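> Before I ask anything, here is the structure I am working with.
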Amino acid sequence: MVAPPLRYPVPWREVAGLWRPIVFHQRCNLREFTASVVARMDPHPLCFGLEHLPPSPRFLVVANHFQRKGLWILHPASAISDVLARRYAGLQPPTRWIVTANWPRWRLGPIQIPSPGDILLPRVAHALWCYAVPFAGTDPRRTARAFRELLRDASHGAVPLGVFPEGVAGTAGRITEPLPGVDRLISLLAKADYPLIPVGIAEAGRFILRFGEAIPPRDLLSAPNSAALALERVRRLATP
């Protein structure tokens, strides 16, 4: 008998609590935020492969973009962050996600205007300790600026970074190609000596996270496409 798809309600209380950090350009307490989101996930997520997490929290997490109706990407992101918060006690934030800021333009007849998300997303990203990076060549200057900020922080930081390489094209149960530019990002972080931890997200009556073995920087730098290599490892972990 096939279990029905999971349905986790939007954590409106936690989302509404972000209004002050968004309005006043502040940071939220991400450990408390993600722990509260995960506490509302019933049944609770199951995690495997935690022995693959390295002693140092200085690494990049790569996971499949597991989202569909009834399951928001905030749920898997919070579940991974909550695991890392408990594994690396004292980190604040426990993870800094790299969000793919590619909002389609709005069309009003023959007129196109920027999406309001272009204004809102950077504020939400800042409140949640995320980096808003426009991949796929949508805004090269802003992409370069975001890369410089991220790499500057990474050079002296000791906090896991995280990315869903597929962006919004990814959906639950189907892994697509990585966005253009993610390969470059992974390679730049590999040059900064960041290993990569793949995480496969799946569901089998409940939410499943499988952490895989680390991909060392040398393997990422020698790969024809480091993002494709990462997603192939993720695909294996996400397969039931």
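> Within the stretch 79-121, take every residue that is part of a helix (DSSP H, G or I) and not hydrophobic (A, V, I, L, M, F, W, C) and give me the one that is modelled with the lowest pLDDT. Lay out the reasoning, then the answer.
So in the stretch 79-121, the residues part of a helix (DSSP H, G or I) come out as 79-87, 117-121.
Among the residues that remain, those that are also not hydrophobic (A, V, I, L, M, F, W, C) are: 81-82, 86-87, 117-118.
Numbers: Ser81: 96, Asp82: 96, Arg86: 94, Arg87: 95, Gly117: 61, Asp118: 66.
The residue in question is Gly117.
> What are the residues in the stretch 23-79 that are of a type in the set (Val, Ile, Thr) and under 18 Å from the mean Cα position of the chain (by Cα), if any?
Answer for the stretch 23-79, where residues must be of a type in the set (Val, Ile, Thr) and under 18 Å from the mean Cα position of the chain (by Cα): Thr34, Val37, Val38, Val61, Val62, Ile73.
> Do any residues in the stretch 160-177 that are within 20 Å of Ile197 (Cα to Cα) and free of Cβ contacts under 8 Å to residues at least 60 places away in the same chain have Cβ atoms under 8 Å from those of residues that are crowded, with 20+ Cβ neighbours inside 10 Å and among the hydrophobic types (A, V, I, L, M, F, W, C), where the two are at least six apart or on different chains, and which pairs are they?
Glu177/Leu231
> A further question follows. In the list Arg210, Arg236, Arg218, Arg206, which residue meets the criterion of being crowded, with 20+ Cβ neighbours inside 10 Å and among the basic types (Lys, Arg)?
Working: Arg236 fails: crowded, with 20+ Cβ neighbours inside 10 Å; Arg218 fails: crowded, with 20+ Cβ neighbours inside 10 Å; Arg206 fails: crowded, with 20+ Cβ neighbours inside 10 Å.
Exactly one of Arg210, Arg236, Arg218, Arg206 is crowded, with 20+ Cβ neighbours inside 10 Å and among the basic types (Lys, Arg), namely Arg210.
> Would you mention how many residues in the stretch 158-173 are within 19 Å of Pro216 (Cα to Cα), in contact with a strand residue (DSSP E or B) (Cβ under 9 Å, 6 or more places away or on another chain) and in a loop (DSSP other than H, G, I, E, B)?
4
> Does Thr176 satisfy the condition of being within 27 Å of Ala79 (Cβ to Cβ), in contact with a Leu (Cβ under 9 Å, 6 or more places away or on another chain) and polar (S, T, N, Q)?
Values: within 27 Å of Ala79 (Cβ to Cβ): yes; in contact with a Leu (Cβ under 9 Å, 6 or more places away or on another chain): yes; polar (S, T, N, Q): yes.
Criteria met by Thr176.
> Follow-up question, since we're still on this one. Before we move on, is Tyr8 hydroxyl-bearing (Ser, Thr, Tyr) and over 27 Å from Leu185 (Cα atoms)?
Values: hydroxyl-bearing (Ser, Thr, Tyr): yes; over 27 Å from Leu185 (Cα atoms): yes.
The answer is yes for Tyr8.
The values are calculated or read from the model by the stated rules, or taken from the named source; none is laboratory data. Everything numeric here is computed off the predicted structure, so don't read it as measured data. For neighbour counting, all protein chains shown are included, and Cβ atoms are generated from backbone atoms with ideal geometry for every residue, glycine included.
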